[in-house]
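The values are calculated or read from the model by the stated rules, or taken from the named source; none is laboratory data. Being a predicted model, the structure only gives us computed values, none of them experimental. Don't worry about glycine lacking a Cβ; one is built from the backbone with ideal geometry, like all the others, and counts go over all protein chains shown.
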Amino acid sequence: MNNTSYWICDKCGKKIESAKDGWVEWLIPIKNNVPETHNKGIRIVHATNCIYTDRECDTEDAIPGDDSLENFCGPDGLMDLLQFISDDMFENKEEVLEIIKRIHIPGYEYAKNYIGEAISEGIYEPNTKESYCSQADIEKIIKFFNKH
């Protein structure tokens, strides 16, 4: 299976055609003018129009943390994301793990939206956590939903 060639923006729901057009961002909560140690809200968005707004940051009492999607795509980017988990930088490590799967697991970005339906249709029977599919299962999910 080929590497991920596009992503779906977590804000607008449209395709991000290339890593150059994408951004990975998260919120760094602020208390008493000091950044907290557990970030939240990590997501993949279009680099220009879909980033966290000042209003969204103000509502969450946070500042944005971010970097280019392109910087997270290769082995060094994977290492950075793994270090986020190792350093316990996020309230919910599953958010970071989901970003890792979306960027680094071929086909996952497309298949992730159909996993629940694939399970109920009998296309995919998880013997692991639901969203931790093997490549063979991802291929089955994609093949089935491309036909329908």
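Only one of the numbered conditions (1) touching a Ser or Thr at 6+ places or on another chain (Cβ under 8 Å); (2) on the phi < 0 side of the Ramachandran plot is violated by D88, and that is (2). For F90, the conditions (1) at pLDDT below 95; (2) out of contact with any Cys (no Cβ under 8 Å at 6 or more places or on another chain) are fulfilled apart from (1). Within segment 1-42, take every residue that is within 17 Å of the chain's Cα centre (by Cα), of a type in the set (D, E) and not in a helix (DSSP H, G or I) and give me the one that is nearest to F90 (Cα to Cα). Result: E25. Of the numbered criteria (1) free of Cβ contacts under 8 Å to residues at least 60 places away in the same chain; (2) under 29 Å from K140 (Cβ atoms), the one E70 fails is (2). In this structure, does K31 turn out to be touching a residue at least 12 places away in the same chain (Cβ under 8 Å), exposed (fewer than 12 other Cβ atoms within 10 Å of the Cβ) and not hydroxyl-bearing (S, T, Y)? In short, yes.
A single member of C9, C57 is in contact with a Pro (Cβ under 9 Å, 6 or more places away or on another chain) and touching a residue at least 24 places away in the same chain (Cβ under 8 Å), and it is C57.
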